[in-house]
Amino acid sequence: MSLSMAINANSVVVLVVEDDIFVRYDIAACLRDAGYVVVEAASGEEAIALCKSTITIDIVFTDINLDGPSDGWDVGKRFGAERPNVPVLYTSGQCIGARSCGPRSLFVAKPYRQADILAACQRLCGTSTF
C-alpha cells in the first residue's frame, strides 16, 4: 500500500506480516479484494516500526515464525503494549505449543483457507460482512 493512499473513515486497515513473499502477496490480494486496506511487512522488525508510526492499523495478521530477531509473538506483544485496542490474528504451520495468543487475538493454522482469514478478520473487527 502506498502511504499516500487515502484511507477513509470506513476503511479497515490490516497489517500483514509474512516473510514469505508469495504467501504475503496471496493473502494481501485476498484481503484487498474483500475491501480491506492492506499494509505489508516482510519482517517483525518492519511491523514493530509500523507500530511505532502514526499509520492507522486496525488488525495485525502475523505469521509466528518470521526470519530475523523478532517473531510474530514479539509483534503481537508490541502491539498489545503500544496499541492495546488492535487485535492480532496469528498463523503458523507449526504447533503453537503452550503459548497463549492472549486477549483480542485468534490463531489460524497454516495451511489456511482464505475464507478462514476473512472470517477471522471480520470477527476481530466486529463485522459480519464487508
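Sort the chain into rounded, prolate or oblate with this rule: let a ≥ b ≥ c be the square roots of the eigenvalues of the Cα gyration tensor; rounded if a/c is under 1.5, and if a/c is not under 1.5, prolate when a/b is larger than b/c, oblate otherwise. It is rounded, given that a/c, with a ≥ b ≥ c, falls under 1.5. With each label modelled as a point 7 angstrom along the Cα→C-beta vector, the ASN10-ARG32 pair spans 2.1 nm. Projected label points at TYR112 and ALA49, each 7 Å from Cα along the beta carbon direction, are separated by 2.4 nanometres. Electrostatic tally near ARG32: other residues with Cβ closer than 13 Å to its Cβ, Lys and Arg +1, Asp and Glu -1, net -2. Calculated mean residue ellipticity, 222 nm, the chain: -10500 deg cm²/dmol, from DSSP H runs (n ≥ 4) at -39500 (n - 2.57) each, averaged per residue and rounded to 500. Residues whose amide H falls under 5 Å from that of PHE107, counting only those 5 or more places apart or on a different chain, are TYR90, with hydrogens built in the peptide plane. Relative to the current alpha-carbon distance between GLU82 and ARG123, full extension at 0.36 nm per residue lengthens the span by 12.6 nm.
Only the coordinates and a few stated rules stand behind these numbers; no lab work does. Source: prediction; values computed, not measured. Heads up, the Cβs are rebuilt from the backbone with ideal geometry, glycines too, and the neighbour counts pull from every protein chain shown.
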